[in-house]
Amino acid sequence: MVASSRVPSSASTIAEFVMNLLLLPRLALWWVSLLFTVTIAQDSPLITRIAFGSCANQSAPQPIWNAINKFDPQLFIWLGDNIYGDIRKPIRIIIGKERTIGPWRNSPRFVPSSEEEMKLRYAKAKSNPGYSRLKRNAKVIGTWDDHDYGLNDAGKEFDRKVTNQRLMLDFLDEPLDSPRRKQAGVYAAYTFGPPNRKVKVIMLDTRYHRDPLRSDGSILGDTQWAWLEEELRGPRSEITIIGSSVQVISNLSATTGPLFYMESWGRFPKERKRLFKLISDTKRNGVIFISGDVHFGEITRYDCAVGYPLYDVTSSGLVQSVEKVFPRPLRFIVRLLFWYTPSTMRVINENCKFKSCTYGQSNFGAISIDWNANPATIRLEIRDVNGVTVLGTNVSLSDLQARGSNLPTNPTTKGKSQRYCTLEVELPGTTRYRLAVLIYFTVAVLAMAFVGLIIGVVLTITACVYKCKVD
């Protein structure tokens, strides 16, 4: 058997040489394309200023856009109640056919609007001059809460959610071919910035799949949970901002009940625990929560969940605020009650305008990132209608790295850190319910004083009548 070998002939060698020459332009074009792609990645805009807010009643004046535009954010995030789309009936307790609150309530306080009315309200919000200016200069993204979802405190049972999802995405100018228009819910994720300075923003939908309140069921639903896990396990980012329409860290309902309750992840303890565990299991560093809903601003912190402090910056609202309910001379009462209400998570420092370290007037949230600092630092703020900081704290990016345990990150400040490791529901009863005790005691004293006044008036009148008869 004779072994054979193929030796290229001179003709084939020349042919290959000619082919290589012809391929050179394509090869050069490929390299140019690669270099261009790398250049684009390197030149991707660096995010240093983010603004966010919630609770913007479209029918009320909105002067706060001037302060937001002055802050000049590169990104603005809606956190829900972007419009007030439902209809609120007057308060009626005893008198009238429709009693909307109290033990004799026979009619709901809130009812949904028609599709046409929702469109009109979105159009009014979108045409606001201050907001229009913001849209020209910044990217706008967002999620929804109950009032733009269509009904106060509504969850997965709401039957108009499909239509209202379309309207909400139209408001945000979501492309017609966007996956958000095909999925059940408005959750989404975005990544901004060049390599090693990336900011990932995850927007949750806490309405579309949420089980009834007091059920301790699901907030996100199975599909959104699977999506969230995929996002957290995805490519690394230096900072991950998770937007939730309701508060994640704070659970004031644990200390304001049974007087009143507010929606939060704390009212679904299994879901909140699952969220913290997912962040820990995926080893996602640099997570910061932002939230809205409650009509006041605060910054809260929890140190014992994922191995580093979790911050939740609550901005609410751009228009609606708790102090507006009271006449100006009585607004100090709101601040006094905030101060008296126990909170184990609230960040209290010298940057607070009021002693309670809450802010019950119109506000927006601001995040400023100094990438040039070593290590990089993040400034978390709540700003008022004039753009003045009323709450704020500085966070080093190096502090938002898991250290392998869910214990306070700095043992030398155990007393201070431990404050951020006790959930509100774990407080002693005498502390946890002191607001309710104060209110009930005050009401009882006032009631007894009123009854005493009535008795005194009756006795005085009776004495006068008797004296007149004698005379």
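The values are calculated or read from the model by the stated rules, or taken from the named source; none is laboratory data. Note that the coordinates shown come from a computational prediction; the quantities given were computed from them, not determined experimentally. Quick reminder, even Gly has a Cβ in these numbers, built from the backbone with ideal geometry, and neighbours come from all protein chains shown. Accessible surface is based on the protein model in full, side chains and every heavy atom, while ligands, DNA and RNA are left aside. Shrake-Rupley method; radii C 1.70, N 1.55, O 1.52, S 1.80 Å.
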Excluding ligands and nucleic acids, what accessible area in Å² is computed for His147 using a 1.4 Å probe, to the nearest 10?
20
For the chain, what is the percent of antiparallel DSSP beta bridges, rounded to the nearest 5?
60
Excluding Tyr208 itself, what net charge comes from residues whose Cβ is under 9 Å from its Cβ, given Lys and Arg +1 and Asp and Glu -1?
+3
Within region 201-315, percent of DSSP bridges classed antiparallel, to nearest 5:
30
On a 0 to 90 degree scale, rounded to 10, what angle separates helix 10-42 from the longest Cα axis of the chain?
20
Taking GluC sites (Glu not before Pro) as exposed when DSSP calls them loop (any state but H, G, I, E, B) and at most 15 other Cβ atoms lie within 10 Å, what is the longest stretch of the chain free of them, the sites themselves excluded?
158-349
By how many degrees, 0 to 90 and rounded to 10, does the Cα axis of helix 331-340 deviate from the longest principal axis of the chain?
70
Nearest 10 degrees, 0 to 90: what angle lies between the long axis of helix 161-171 and the longest principal axis of the chain (Cα atoms)?
70
Rounded to the nearest 500, what is the 222 nm mean residue ellipticity of the chain from helices alone, with -39500 (n - 2.57) per DSSP H run of 4+ residues and division by all residues?
-11000 deg cm²/dmol
For region 125-200 and region 361-400, compute the distance between their C-alpha centroids and round to whole Å.
24
Rg/Rh ratio calculated on Cα atoms of region 87-200 (Kirkwood radius)
1.09
Show Met262, Met448, Met203 ordered by accessible area, largest first, where the area counts protein heavy atoms only and the probe is 1.4 Å.
Met448, Met262, Met203
Cα-Cα longer than 23 Å, checked against Lys156/Lys198; Lys161/Lys182; Lys139/Lys353; Lys124/Lys161, kept in input order, equals Lys156/Lys198; Lys139/Lys353
Identify the chymotrypsin sites (Phe, Trp or Tyr not before Pro) of region 126-213 meeting these criteria: DSSP loop state and at most 11 other C-beta atoms within 10 Å of the C-beta.
none
